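Below: one structure, written as structure tokens.
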Amino acid sequence: MADEATRRAASQIPLLKTHAGPRERALWPQRLKEEYQALIRFVEQNKAADNDWFRLESNPEGTRWTGTCWFVHQLLRYEFRVEFDIPVTYPETAPEVAVPELDGKTAKMFRGGKICLTEHFAPLWARNVPRFGIAHLMALGLAPWLAVEIPDLISKGHVVHKEKQRDVAE
């Protein structure tokens, strides 16, 4: 399923220990702390490998996450908003990542710009509850989806680089 580089990067992300979702008020702060630690470690790894590709932040409760992700194709950087909510049944249920500006541009997406993770990522997540978290979602869910879909969307003309859009507008 995943290439060796992805497998190696994912194996470096710390596994989470606390089995708690937002409804477990007593344990959720500990789970959220583990989530942040894993995300920080993943971002540090990516920067060290010159593979920095996203920024995320959450609301104070840690239930709504927003940010940006980017994909470099033919030396051009394509940037997209990314957002997701932590489901009430988390961590049993993985969050549904949305890339709103790509809504309706690919068949591998649901209404609202939610990317399709059911075929490959969902079974992997289910086998690794509660050890997987948001960093794993980004590494093994969003990253491979971007790697497959963005070049295809670019080749079909559904995604155009901002500079090219500006040239056409002038």
Query raised in the report: Does any residue of region 6-16 turn out to be outside any loop (DSSP other than H, G, I, E, B), closer than 21 Å to Trp65 by Cβ and at pLDDT below 95?
Result: yes
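From the list Thr93, Thr106, which residue is touching a helix residue (DSSP H, G or I) at 6+ places or on another chain (Cβ under 9 Å), part of a loop (DSSP other than H, G, I, E, B) and open to solvent by less than 40 Å² (accessible area, probe 1.4 Å)?
Thr106
How many of the residues in region 146-160 are open to solvent by 20 Å² or more (accessible area, probe 1.4 Å) and of a type outside the set (S, T, N, Q)?
9
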Query raised in the report: Does Val148 count as part of a loop (DSSP other than H, G, I, E, B) and among the β-branched types (Val, Ile, Thr)?
Result: no
Query raised in the report: Is there a residue being among the small types (Gly, Ala, Ser), under 29 Å from Thr18 (Cα atoms) and touching a Leu at 6+ places or on another chain (Cβ under 7 Å) anywhere in region 76-98?
Result: yes
Report task. Give region 29-63 a look and list any residue that's among the small types (Gly, Ala, Ser) and either closer than 15 Å to Ile134 by Cβ or in a loop (DSSP other than H, G, I, E, B) (or both), or say none. Result -> Ala38, Ala49, Ser58, Gly62
Report task. Hey, can you tell me all the residues within region 31-50 that are of a type outside the set (Ser, Thr, Tyr) and open to solvent by 80 Å² or more (accessible area, probe 1.4 Å)? Result -> Lys33, Gln37, Ile40, Arg41, Glu44, Lys47, Ala48, Asp50
Query raised in the report: Out of all the residues in region 75-82, is one or more in contact with a Cys (Cβ under 9 Å, 6 or more places away or on another chain), of a type in the set (Phe, Trp, Tyr) and surrounded by 14 or more Cβ atoms within 10 Å (Cβ to Cβ)?
Result: yes
Requested in this report: Tally the residues that are among the β-branched types (Val, Ile, Thr) and at pLDDT below 90, restricting the search to region 88-127.
Outcome: 3
Report task. Identify all residues within region 85-98 that are under 16 Å from Leu140 (Cα atoms) and within 13 Å of the chain's Cα centre (by Cα); write none if there are none. Result -> Ala94, Pro95, Glu96, Val97, Ala98
Report summary line: For Ala26, the lone unmet condition from (1) open to solvent by 80 Å² or more (accessible area, probe 1.4 Å); (2) outside any loop (DSSP other than H, G, I, E, B); (3) more than 20 Å from Ala147 (Cα to Cα) is (2)
Query raised in the report: Scanning region 8-23 for residues that are aliphatic (A, V, I, L, M) and open to solvent by less than 20 Å² (accessible area, probe 1.4 Å), which turns out nearest to Glu61 (Cα to Cα)?
Result: Ala20
Query raised in the report: Out of (1) buried (at least 20 other Cβ atoms within 10 Å of the Cβ); (2) touching a Pro at 6+ places or on another chain (Cβ under 9 Å), what's the single condition that is false for Leu142?
Result: (2)
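The values are calculated or read from the model by the stated rules, or taken from the named source; none is laboratory data. Just so you know, these numbers come straight off a predicted model, no measurement behind them. Heads up, the Cβs are rebuilt from the backbone with ideal geometry, glycines too, and the neighbour counts pull from every protein chain shown. Side chains are part of the model used for accessible areas, which takes the heavy atoms of the whole protein and leaves out ligands, DNA and RNA. Shrake-Rupley method; radii C 1.70, N 1.55, O 1.52, S 1.80 Å.
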